[in-house]
Every structure is written in structure tokens, then in C-alpha cells.
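Undergrad: Here it is: the structure, laid out below.
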Amino acid sequence: MESLYKDEKLNKYLDQLFDLRKDGVNKVIDLKQAVIATKKNPMIEYDEKPKLLASYAKQIEEAKVVAAKNAEKDKELTKEALAYANEIAKTYIAEVEEKQNAEIKKVKEEYASKVSDIKEKGEARIAGAKSPADKKTAQYELKSALFDVKNHADSLIERCKDAKKQAFTDHVQINRTIRNEKSNFIEDMQLGFKNYVNNFKLDKFFLDNGLYLAIILFFIVCIIIAPMINAGNLLTLPNIFTILEQSSTRMFYALGVAGLILLAGTDLSVGRMVALGSVVTGLILHPGENIVKFFGMGPWNFTSLPMGARLIMALLISVVLCTAFCAFAGVFTAKLKIHPFISTLASQLIIYGLLFFGTTGTPVGSIDGNIKDLIGGRWTLGVMNGELVTFPKLIIPAIIAVVVAWFIWNKTTFGKNMYAVGGNAEAASVSGISVFWVTMGVFIMAGIFYGCGAFLEAFRANASAGTGQGYEMDAIAACVVGGISFNGGIGKIGGAAIGVVIFTSLTYCLTFLHIDTNLQFVFKGLIIIAAVALDSIKYLKRK
């Protein structure tokens, strides 16, 4: 069989299904699209729109009647067509696989023969060279000839792989047509797997995943070593929950800075944002009168307010202040094209000075115990292997934050514009995207995440002007480890989330093994430079 699309019986099924659907379900879909287009079309007269929409509504109802009438026959014919398509596709794909595998084998054999012949002639020419210049020329020509023959063989093999991939793609596409463009999860998974296998290259795999493999190996070594040095069992549920709890607030900071890195920027003010929001939260939620005076005002006592109002006030003020300082830095970056490194460094210093001057560096003290347990405490799950297992509540808001960020990045126009601006700001501007407002939006979004994370940070420790010291480095490192490129326009929010967990796990493992805190910075530094180096290599290869 030359192609699945040339099978007469299959085409007959497709024609029958088309005839069944054209005045029913397909017409409903087309009319609904026409309704949307009409509502958005500014060229249609104001008085004409209601008439058109009413006409479409009437036609939709008529088409729905036809669709309902043909539904049972459509279902039966679809089932029958799918069974036949799967049957002939199985044979067709096997034939293509056999043919292309034989072709690949032939290409490899020819390649090996050509390499042997080229090497023999090339080495003979090198040996017979009469001068160093002739020898150098012969060596260059040998290398060039080997390169050319390899490229030709790789091209032929790639063509065979594409043919195999196309055979299965045709099968999936035909099945989607039979189901009226409805996809199938299993088929999509199979197609994705086949694409991965056909495009797999070992050097690219190690380039993309080498750092992760090294980190996994490190964790395995830690798990093995821990019992040997009497540090205990590292791979336990309580330890895993502790790592996730430590990751929870840091997740917010990474999600915020990830957007700026996507725009080929960064943010050095994260740690000061954490201090700002957590100090405000600590002041408002402190049980009783606080000893801290802010710019000489105070001492503060918010216990007369209901706890719900205090929580909302703390969260809102934390978010508003962090967003305001982020927007301040964003204006200079978006309007004056000042690199975020400089604008966020400036906001970092401003916040740092204001906090230490305003509070004289005095910790605000712990927050109310009841509310701390309600939001930042743990649920008891029970006893496992003689050990009490508790689930940290802070993991829940972290998961919600990841879902929200994922939705913004992947399912909104703003998210698509972020990638466009990060990839090429000039091209994005020419295509009608406002680079200024996208940049400002990313800074404001970062401020919101920082504010929420700083609010929750107060539930973990006593807040002071020094809270969050160095958190910006951890957040940036987590994003880079998670695959968000400093070159801009490349990365996924899931990568940032995974990077946070990886980086937190690394710190926890080193602490668990009683590694000196100062040496931990060495490990972190090596991981950061390795991640950025690999990212740069990938960027250079793409160029």
C-alpha cells in the first residue's frame, strides 16, 4: 500500500461520515464560529448584527436537529471506520517500518564502505605527501570528505525515520478525522513516544539532561552514605515533606523571578521583598503590642481587629508593597531599557535601607500561635514505621501558585506575549505586541508572587529586616536549573517548580549529611555555573 489515504474503502467511510456531519455537527461548529466572528467584526453595521446573529441562531437549532437525527448512525459508522482504519494501518505501518529499516541498514553499510575507502585513499595520500603543506592539505581534505559522507548518510537515515514517523502520524490523523477532529489520549502518547524515539540523539540527550542526571546521582550517593555515617535514613516521608515545606515559600519567589528571566532579565531584590512582606505580616499578626517601632511610629497593636481582617490586611499590604517596588523597577526597565540587574539592584538597596532604618534591625517577633498553626502548621497523618508523619499546610498554597502561574504562562495571551518579547523584543513590537506593558506586567506579576510568598514566610520564622538574605540567588538558581534560559524566550513554569524542589533538596541533603554551611555554597555555585554553561552551549548550538 502506497498510502493510507489511497485506500478506497477508507475513503468511502470518510465520505459517508462527511455527508452525515456536514448539515449537522459540522454546520453547528461553523455557525458558532461565524457568531463569534460577527460579534467581533467592527465593519458590520450595528443594526445588521442582531439580524445576522438571529439568523445564525435559527440555523444552529436546525443543524442541531439534523445532528441529533444522525447521531446514532454517526456513532456506528465511526466505530466501524475506526476498526477498519486500525486494521489496515497496522499492516501499512509494519510494511513502512520493514522497508525503511532495510533502507537504513543499507545506508549504514554503504557509509561504512565509503568511510573505509576514503580513509584508505586519504591515509595513502598523507603518507605520500612531499611537504608539510601537502600533508596538511591532505589531512584537511580527508577530514572534509569524511564529514561530507557522514552528513549525507545522516540525511538519508533521517529521511527514513521521517517516513516511519509519517506513517504513524497519518494513522493518527485519519483516526482524528473519523472522530471529527477529536484526539485520543493513547494515540497522542504513542505519537509523542515515536517522535521522541525517532528524534533521539545521545549527545543532545546528555546536553539537555546531563545536569539532572548528575543531581540524581548526587542524591543517590547521599541516600547511600547517610546511614553509613549514622546520619539516618534520608529517603523517608517526613524528610520528603520537610523538603517540600521548605520549598513552598521559595516556590513563590522562583515563580516571580522566572518571568523576568524569560525576558532575558533577572531580579536581585527578591530577598528584600521577602523581608518587607514578612516584617509587615509579623507586625500585623503579632499577639499583643509589638516592640518594633517603624520610623519612630508605634509600638503597634492590632489585636483589637478581628483575626480575619488582620490576615487580609497583612496579605494585601505585603502584596501591594512588593508590587509597588517591582513596578518601580519595571518602569525603568520597560521605559528606559535599563537592564533589570540594575533596576532591581536599586530597588533592593532602597528596601534594605528603609527596612533597617525603619525597624533598626529589630525582629518583629512571632505571630499569633493559633493563626500560625492554622496556615503554617501541619496535619497529622499518623505513625509510619514508628515515626509520626505530618503534612505541611504551606504545600497547598505553593501548589495553587504553580497552577496559577502555569495557566498564565500557557493559556493566556499575556503568557504567549511573554515568550514573544523574551525571544525577540523588536520582532514582538513589530507584530503589534506592547513590549512596555508586557514587561510591566511581568514585573507586577512578580511582585504579587513575592508578596504572597513573603506573607507566608512570616509563618515559618520570626521576621526581621534581614529575613530572606540570599533568597534571590536560590530563586534564580532554581529557575536556571529548571531550564529557563537567561537568553530569553525559553523555559517552562514546571521547570522552575522542579528547580525549586531540586535546589531545596540539595541544601537539605548537605545539611542532613552535616556538611559545613560554608561548603554548601561551593556546591550551589558549581551547580549554577554548570546550569548556565549548559544553557549557553544549547543557545550557541541553536544559533
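The values are calculated or read from the model by the stated rules, or taken from the named source; none is laboratory data. All values derive from a computational prediction rather than experimental measurement. When we count neighbours, we look across all protein chains shown, and the Cβ atoms used for this are built from the backbone with ideal geometry, even at glycine. Keep in mind that these areas ignore ligands, DNA and RNA; they rest on the heavy atoms of the full protein, side chains included. Shrake-Rupley method; radii C 1.70, N 1.55, O 1.52, S 1.80 Å.
Undergrad: Quick one: what pairs do we get from segment 1-22, first residue outside any loop (DSSP other than H, G, I, E, B), second open to solvent by 100 Å² or more (accessible area, probe 1.4 Å) and charged (D, E, K, R), C-beta under 7 Å, 6+ apart or different chains?
TA: Within 7 Å, the pairs are Leu20/Lys73.
Undergrad: Moving on. Every residue in segment 303-341 that is among the small types (Gly, Ala, Ser) and not in a loop (DSSP other than H, G, I, E, B), please.
TA: Correct list: Gly308, Ala309, Ala314, Ser318, Ala324, Ala327, Ala329, Gly330, Ala334.
Undergrad: Within segment 80-97, does at least one residue satisfy the condition of being in contact (Cβ under 8 Å) with a residue 40 or more places away in the chain and open to solvent by 90 Å² or more (accessible area, probe 1.4 Å)?
TA: Yes, segment 80-97 contains at least one residue that is in contact (Cβ under 8 Å) with a residue 40 or more places away in the chain and open to solvent by 90 Å² or more (accessible area, probe 1.4 Å).
Undergrad: Name the one entry in Glu472, Glu426 that is open to solvent by 10 Å² or more (accessible area, probe 1.4 Å), touching a Gly at 6+ places or on another chain (Cβ under 8 Å) and among the acidic types (Asp, Glu).
TA: Glu472
Undergrad: Please list, ordered by first then second residue, the pairs with beta carbon atoms under 7 Å, 6 or more apart or interchain, first in segment 300-316 and within 14 Å of Ala458 (Cα to Cα), second among the polar types (S, T, N, Q).
TA: Ala314/Thr281
Undergrad: If Lys337 satisfies all but one of (1) modelled with pLDDT under 85; (2) open to solvent by 20 Å² or more (accessible area, probe 1.4 Å), what's the number of the condition it fails?
TA: Only one criterion is unmet by Lys337, namely (1).
Undergrad: Being among the hydrophobic types (A, V, I, L, M, F, W, C), touching a Leu at 6+ places or on another chain (Cβ under 8 Å) and farther than 12 Å from Ile178 by Cα narrows it down to one residue among Ala63, Ala71; which is it?
TA: On inspection, the qualifying residue turns out to be Ala63.
Undergrad: Just to be sure I understand the filter: pairs with C-beta atoms under 6 Å, separated by 6 or more residues or on different chains, first member in segment 344-367 and touching a residue at least 60 places away in the same chain (Cβ under 8 Å) and among the aromatic types (Phe, Trp, Tyr), second member crowded, with 16+ Cβ neighbours inside 10 Å and not in a helix (DSSP H, G or I). Which pairs pass?
TA: Between residues of segment 344-367 that are touching a residue at least 60 places away in the same chain (Cβ under 8 Å) and among the aromatic types (Phe, Trp, Tyr) and residues that are crowded, with 16+ Cβ neighbours inside 10 Å and not in a helix (DSSP H, G or I), the close pairs are Phe356/Ala465.
Undergrad: Test of understanding: among Ala153, Ala138, Ala145, which residue is surrounded by 14 or more Cβ atoms within 10 Å (Cβ to Cβ), small (Gly, Ala, Ser) and more than 30 Å from Ile537 (Cα to Cα)?
TA: Ala138
Undergrad: While we're looking at this one, here's another question. Just to be sure, is Glu45 acidic (Asp, Glu) and closer than 14 Å to Arg179 by Cα?
TA: no
Undergrad: Next question, about the same structure. What's the number of the condition Ala324 fails, among (1) open to solvent by 30 Å² or more (accessible area, probe 1.4 Å); (2) under 35 Å from the mean Cα position of the chain (by Cα); (3) without any contact (Cβ under 8 Å) to a residue 24 or more places away in the chain?
TA: Of the numbered conditions (1) open to solvent by 30 Å² or more (accessible area, probe 1.4 Å); (2) under 35 Å from the mean Cα position of the chain (by Cα); (3) without any contact (Cβ under 8 Å) to a residue 24 or more places away in the chain, the odd one out for Ala324 is (3).
Undergrad: Same structure again: How many residues, within segment 510-525, are under 19 Å from Val480 (Cβ atoms) and of a type outside the set (A, V, I, L, M, F, W, C)?
TA: Final tally of qualifying residues: 3.
Residue-by-condition table, conditions (1) polar (S, T, N, Q); (2) touching a Gly at 6+ places or on another chain (Cβ under 6 Å); (3) buried (at least 17 other Cβ atoms within 10 Å of the Cβ):
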residue	(1), (2), (3)
Asn370	yes, no, no
Gly382	no, no, no
Asn385	yes, no, no
Ile400	no, no, no
Asn410	yes, no, no
Thr413	yes, no, no
Tyr419	no, yes, yes
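Undergrad: Tell me which residues, restricted to segment 67-79, are surrounded by 12 or more Cβ atoms within 10 Å (Cβ to Cβ), more than 19 Å from Lys9 (Cβ to Cβ) and either of a type outside the set (Gly, Ala, Ser) or within 40 Å of the chain's Cα centre (by Cα) (or both).
TA: Lys69, Asn70
Conditions (1) loosely packed, with under 15 Cβ neighbours inside 10 Å; (2) modelled with pLDDT under 90; (3) among the charged types (D, E, K, R); (4) in a helix (DSSP H, G or I), marked per residue:
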{"position": "Thr177", "(1), (2), (3), (4)": "no, no, no, yes"}
{"position": "Ile186", "(1), (2), (3), (4)": "yes, yes, no, yes"}
{"position": "Met189", "(1), (2), (3), (4)": "yes, yes, no, yes"}
{"position": "Val197", "(1), (2), (3), (4)": "yes, yes, no, yes"}
{"position": "Leu211", "(1), (2), (3), (4)": "no, yes, no, yes"}
{"position": "Ile223", "(1), (2), (3), (4)": "yes, yes, no, yes"}
{"position": "Gly232", "(1), (2), (3), (4)": "yes, yes, no, no"}
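Undergrad: Considering each residue of segment 458-469, count those that are open to solvent by 10 Å² or more (accessible area, probe 1.4 Å) and over 19 Å from Gly358 (Cα atoms), and give that number.
TA: Number of matching residues: 2.
Undergrad: Report yes if Phe407 is free of Cβ contacts under 8 Å to residues at least 24 places away in the same chain, closer than 17 Å to Val257 by Cα and out of contact with any strand residue (DSSP E or B) (no Cβ under 6 Å at 6 or more places or on another chain), otherwise no.
TA: Yes; evaluated as a whole, the condition is true for this residue.
Undergrad: Pull up segment 260-309, narrow it to residues that are surrounded by fewer than 20 Cβ atoms within 10 Å (Cβ to Cβ) and charged (D, E, K, R), then point me to the one that is farthest from the chain's Cα centre (by Cα).
TA: That would be Glu289.
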